[in-house]
Amino acid sequence: MLVVGTLARLMLVLAVVGTAGYDAISIASAHVMVSDDAQAAAIAGHDVLASRGTPQAAYAAVLKYAEEHGDVVVVNRFAIGKDDAVTVVLRREAHTIISSHLPRVQDYVVATATATVRDPLA
C-alpha cells in the first residue's frame, strides 16, 4: 500500500508540474509570436500602402496576415499616420489547460502587441 500511495502522489505532482509548465510555455510563446506577427503585419500593410496607395488595401493585407497566423486585429487599432506610417495592434490568446481559469493569471493568457512601420527614407 505504501508503494501505491507514493506512486499516486508522484503522479499528482507530475501532473501539476506538467500542466503549469505547458501553460507557462504556451503563454510565453503567445507573447513572443504576437509581437513578431504584429511587426510582420505592419510591414505587409505598409508595403501594400506603398504600392497601391489605399488604406483599405493596407488594412486588408494586415487582416489577411493576422488571420493566417492565428491573430486578431484589435478593433479600431489600425492606423495610418504621417509619412504613411502603419500602426497595427494584434491580439492572440494562448492555448492553456488551467491558466485561463485562474483569476490572477487570466490577464497574461491574452497577448497584445503594437507595431509601427514607416518608410525609412521619408
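How many of the residues making up region 35-75 are farther than 15 Å from Thr116 by Cβ and either in contact (Cβ under 8 Å) with a residue 60 or more places away in the chain or of a type in the set (Asp, Glu) (or both)?
Residues in region 35-75 being farther than 15 Å from Thr116 by Cβ and either in contact (Cβ under 8 Å) with a residue 60 or more places away in the chain or of a type in the set (Asp, Glu) (or both): 3 in total.
Which one of these is at pLDDT below 95, touching a helix residue (DSSP H, G or I) at 6+ places or on another chain (Cβ under 8 Å), assigned to a helix (DSSP H, G or I) and among the hydrophobic types (A, V, I, L, M, F, W, C): Val48, Val62?
Just a single option satisfies the conditions, and that option is Val48.
Any idea which residue in region 107-121 is farthest from the chain's Cα centre (by Cα), counting only those that are farther than 13 Å from Ala28 by Cβ and surrounded by 19 or more Cβ atoms within 10 Å (Cβ to Cβ)?
Val117
Could you grab me the full set of residues in region 70-122 that are at pLDDT 90 or above and among the acidic types (Asp, Glu)?
Asp71, Glu93
Being in a helix (DSSP H, G or I) and either touching a Lys or Arg at 6+ places or on another chain (Cβ under 6 Å) or modelled with pLDDT under 95 (or both) narrows it down to one of Val3, Val32, so name that one.
When all the criteria are applied, what remains is Val3.
Taking only region 46-84 into account, find how many residues are of a type in the set (Phe, Trp, Tyr) and touching a strand residue (DSSP E or B) at 6+ places or on another chain (Cβ under 7 Å).
The total comes to 1.
What number of residues within region 33-47 are charged (D, E, K, R), over 10 Å from Tyr65 (Cβ atoms) and under 12 Å from the mean Cα position of the chain (by Cα)?
Residues that pass the stated criteria total 1.
Of all residues in region 77-111, which are aliphatic (A, V, I, L, M) and assigned to a strand (DSSP E or B)?
Ala79, Ile80, Val86, Val88, Val89, Leu90, Val110, Ala111
Mind listing just one residue for me: the one in region 48-96 that is surrounded by fewer than 20 Cβ atoms within 10 Å (Cβ to Cβ), in contact with a Ser or Thr (Cβ under 9 Å, 6 or more places away or on another chain) and basic (Lys, Arg) and, of those, farthest from Ile27 (Cα to Cα)?
Arg77
Do any residues in region 93-122 that are in contact (Cβ under 8 Å) with a residue 12 or more places away in the chain and under 19 Å from Ser35 (Cα atoms) have Cβ atoms under 9 Å from those of residues that are of a type in the set (Gly, Ala, Ser) and exposed (fewer than 12 other Cβ atoms within 10 Å of the Cβ), where the two are at least six apart or on different chains, and which pairs are they?
Partner pairs satisfying both residue conditions: Thr116/Gly81; Arg118/Gly81.
The values are calculated or read from the model by the stated rules, or taken from the named source; none is laboratory data. The model shown is predicted, which means the values in this text are computed figures rather than measured ones. Quick reminder, even Gly has a Cβ in these numbers, built from the backbone with ideal geometry, and neighbours come from all protein chains shown.
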